[in-house]
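Colleague: Please find one structure pasted underneath; my questions will follow.
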Amino acid sequence: MKGLVLSGGKGTRLRPFTYTGAKQLVPVANKPVLFYALEDLVEAGITDIGIVISPETGEQVKAAVGDGSRFRARVEYIVQDAPRGIAHGIKIAHDFIGTERFILFLGDNFIRDGIVPQVAAFREGTMNAQIILYKLDDPSSMGVAILDGDGRVKRLVEKPRQFISPYGVIGIYMFDHHVFEAVNAIQPSARGELEITDTIQYLIDHNLDVRAHLLSGGWIDTGKMSDILEANRLVLDILEAKNEGQVDSTSIIEGRVVLQAGAVVHNSRIRGPAIIGERTRIENAFVGPYTSIYHDCLIRHCEIEHSVVLEHSTLMDIPTRIADSLIGRNTRVTRADGPPKTLKMVIGDYSQVGI
């Protein structure tokens, strides 16, 4: 079996971060979201992996992933010239997949407990396709599945206007070679894309065996800031404490805290679960629960909790606590010069600031 990971798209819901970077490289607990997908595939025995990339961010993905050896996998890159739909990503990967069965994984999907049972069921069974479902109170913003009594998928509806089922289709799919007949037969939707729901419905309509697996563990589509923070929480909840950095005698470490290599904590309090990245310095500061601070950052004379800070950023001399925030790469947040209560800001397009 092979793996196919989609790592293109424009990531409009995560702007302004995705103006300059791939959404799949935004870190969760100091690891890019894409890496979790690759690790899940390898854990399930899938080591021959194709990654569909875009012309805009493809080089960033290549630089981060390389040839796949760091994941104990072999990676091949497939360029998608424009966002033309998930099914189009399958279509252009035909040469890579050949006639093998494969796992399709959207690179911005996060599953805390991996996909080993689902892959094993597909590998050992005779089904032509398997989709992963997540039960929600309101799945109307995604594809929704209707099942029969035997667990087969009867029908899929993309973003239904009325409630038809609680089962949302998440971004992990398993197919045999019949899927290529489907993606070559369907037509683009009204938004000009080849839809994965149309692809799966084609298989159902042609009497192929399409099964569903109901996911019980944590899953998040990390498409928005709140999703990144929630995925970060899910990982930190199960992270084991580790200290590869330096903590001085005036600092206090409480709970499960990871200090990565070269991290320095001086005269500060860190209350876990939290992770501090490589070569990051925490000085005279408080880092609260569910906070991930990536590599090469400086946190000085400020307080932060339930937040994600990307690499090479500085937070310094801030009089109020930062919370529920996603702070981008190479960012500098400091106290403004001038009278009390002065605000001095340079804010990019599509940013959000709460004061």
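The values are calculated or read from the model by the stated rules, or taken from the named source; none is laboratory data. This one's a predicted model, so the numbers in the text were calculated from it and none came from an experiment. Note: ideal-geometry Cβ built from the backbone for every residue, glycine included; neighbour counts use all protein chains shown. Areas reflect the complete protein model, heavy atoms only, side chains present, ligands, DNA and RNA absent. Shrake-Rupley method; radii C 1.70, N 1.55, O 1.52, S 1.80 Å.
Colleague: Between the DSSP loop rule and a limit of at most 15 other Cβ atoms within 10 Å, which chymotrypsin sites (Phe, Trp or Tyr not before Pro) in segment 150-245 are left?
Modeller: Phe163
Colleague: Let me ask you something else. Relative contact order of the chain, please, whole-number percent, based on alpha carbon pairs below 8 angstrom and at least 6 residues apart.
Modeller: Result for the chain is 13 percent.
Colleague: Let me ask another. Can you give the angle from 0 to 90° between the axis of helix 225-236 and the longest principal axis of the chain, with both taken from C-alpha atoms, to the nearest 10?
Modeller: 80 degrees
Colleague: Calculate, for the chain, the solvent-accessible area per residue in square angstrom, rolling a 1.4 angstrom probe over the heavy atoms of the protein chains.
Modeller: Per-residue value: 47 Å².
Colleague: To continue, here is another question. Once Rh for segment 128-272 is found with the Kirkwood sum over Cα pairs, what is the Stokes-Einstein diffusion coefficient at 4 °C and 1.567 mPa s, in µm²/s?
Modeller: In µm²/s, the coefficient rounds to 70.
Colleague: Can you give the Rg/Rh ratio of the chain, where Rg is from the C-alpha atoms and Rh is the Kirkwood radius?
Modeller: So for the chain, dividing Rg by the Kirkwood Rh gives 1.01.
Colleague: List the aspartates and glutamates whose Cα lies under 16 Å from the Cα of Lys154, skipping any in the same chain that are fewer than 8 positions away.
Modeller: Output for Lys154: Asp198, Asp205, Asp209.
Colleague: What order do you get for 268-275, 61-68 when each peptide is scored by the mean count of other beta carbon atoms within 10 Å, highest first?
Modeller: The packing order, highest mean first, is 268-275, 61-68.
Colleague: What is the list of residues in segment 188-204 whose amide nitrogen lies under 17 Å from a point 7 angstrom out from the Cα of Arg84, following Cα to Cβ?
Modeller: 188-199
Colleague: Can you give the charge dipole size of segment 157-284 about its Cα centre, rounded to the nearest 20 debye, using +1 on the beta carbon of Lys and Arg and -1 on the beta carbon of Asp and Glu?
Modeller: Dipole of segment 157-284, to the nearest 20 debye: 580 debye.
Colleague: Report the trypsin sites (Lys or Arg not before Pro) located in segment 148-208 that are in a DSSP loop and have at most 16 other Cβ atoms inside 10 Å of their Cβ, or state none.
Modeller: Arg161, Arg191
Colleague: Nearest 10 degrees is fine. How inclined is helix 33-43 to the longest principal axis of the chain, computing both from alpha carbons?
Modeller: Helix 33-43 sits at roughly 50 degrees to that axis.
Colleague: Let me ask something else about it. Checking the cross-link filter: which aspartates and glutamates have an alpha carbon closer than 15 Å to that of Lys62, excluding same-chain neighbours under 8 positions apart?
Modeller: Glu76
Colleague: Applying the Karplus parametrisation 6.51 cos²θ - 1.76 cosθ + 1.60 with θ = phi - 60° to the phi angles of segment 247-255, what ³J(HN,Hα) value in whole Hz is obtained for each residue in order, glycine and proline being reported as x?
Modeller: Once rounded to whole Hz, the list reads 10, 7, 6, 8, 9, 10, 10, 10, x.
Colleague: Another one. What does the helix-only formula give at 222 nm for the chain: each DSSP H stretch with n ≥ 4 adding -39500 (n - 2.57), the total divided by the residues, and the result rounded to the nearest 500 deg cm²/dmol?
Modeller: -5500 deg cm²/dmol
Colleague: Once fully extended, how much extra length lies between Glu100 and Glu181, figured as 0.36 nm per residue of separation less the alpha-carbon to alpha-carbon distance?
Modeller: My answer for the length gained is 27.8 nm.
Colleague: Can you give the angle from 0 to 90° between the axis of helix 196-205 and the longest principal axis of the chain, with both taken from C-alpha atoms, to the nearest 10?
Modeller: Relative to the chain, helix 196-205 is tipped by roughly 30 degrees.
Colleague: Take the Cα pairs of segment 220-282, get the Kirkwood Rh, then feed it into Stokes-Einstein at 37 °C and 0.692 mPa s and tell me D in µm²/s.
Modeller: The diffusion coefficient I find is 266 µm²/s.
Colleague: Tally Lys/Arg at +1 and Asp/Glu at -1 over every other residue whose Cβ is under 15 Å from the Cβ of Tyr77; what's the total?
Modeller: Around Tyr77, the charge tally is -4.
Colleague: Any of Lys31/Lys159; Lys2/Lys91; Lys23/Lys135 with alpha carbons more than 21 Å apart? Name them for me.
Modeller: Among Lys31/Lys159; Lys2/Lys91; Lys23/Lys135, the Cα-Cα distance tops 21 Å for Lys31/Lys159; Lys23/Lys135.
Colleague: Read phi for every residue in segment 163-174 and hand back ³J(HN,Hα) as whole Hz from Karplus 6.51 cos²θ - 1.76 cosθ + 1.60, θ = phi - 60°, with x for Gly and Pro.
Modeller: 5, 10, 5, x, 9, x, 8, 8, x, 9, 9, 10
Colleague: Here's something else I'd like to know. Can you tell me the dipole magnitude for the chain around its Cα centre, using point charges on the Cβ only (Lys, Arg +1; Asp, Glu -1), in Debye to the nearest 20?
Modeller: For this selection, approximately 780 debye.
Colleague: Please work out the C-alpha center-to-center distance from segment 91-153 to segment 201-218 and express it in whole Å.
Modeller: For segment 91-153 versus segment 201-218, the Cα centre distance is 7 Å.
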